[in-house]
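Structure record follows, encoded as structure tokens.
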Amino acid sequence: MIFSRIARTVLLVAAISGCSSVPRIVNEYKIDVQQGNVLTQDMVSQLRPGLTKDQVRFILGTPMLMDMFHASRWDYVYRLQKGSTGDVEMRKFSAFFDTSDKLVRVSGDVTPAQTGDAAAAPDSRTRELDLGSIAPDSVAPPIEGKGFFGKMMESVGF
């Protein structure tokens, strides 16, 4: 009789303790998950009106989204999830082209380069930059000539 009471008590305590939460002394390592295109301010500041799609692709990389219904718009998306805290950082950037595939404007989570007041914070995260307001003396990067292999192929006859 006493043995069965002790056995039931021990089983009850073991069952209840199995359901309790135990503070974790050792946590597993969680990596940072980075997805999409990483765009820096230096990359965005190289954009000028009139750049071709190939030149924009060279500067910013291949866009994450090229919608077939909006062929004149390229979307660059970036997402970073910190493994240690679980915080998520998202950035969105769009490049718009005209009918002749020349860059017209850009918009997204960018801050335009300001020469004077660097301490002024933007009102919102999303900004639209008018590339037409950039000085005309800044010229688009020239299209380079043929490289070594291009010259070799040309000399062979291809």
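Would you say residue 90 is loosely packed, with under 14 Cβ neighbours inside 10 Å and assigned to a strand (DSSP E or B)? Here the answer is yes, as residue 90 does meet what is asked. Within the range 39-82, how many residues are surrounded by fewer than 12 Cβ atoms within 10 Å (Cβ to Cβ), assigned to a loop (DSSP other than H, G, I, E, B) and out of contact with any Lys or Arg (no Cβ under 8 Å at 6 or more places or on another chain)? Total satisfying the criteria: 4. Out of 40, 9, one residue alone is under 30 Å from residue 107 (Cα atoms) and out of contact with any Ser or Thr (no Cβ under 9 Å at 6 or more places or on another chain). It is 40. When the residues of the range 23-38 are filtered to those that are exposed (fewer than 10 other Cβ atoms within 10 Å of the Cβ) and among the β-branched types (Val, Ile, Thr), which remaining residue is nearest to residue 57 (Cα to Cα)? Here the residue is 31.
Laboratory data are not the source of any read-out in this text; all were calculated from the coordinates shown. Everything quoted here is computed from the prediction, not taken from an experiment. So basically every Cβ, Gly included, is an ideal-geometry build from the backbone, and we count neighbours across all protein chains shown.
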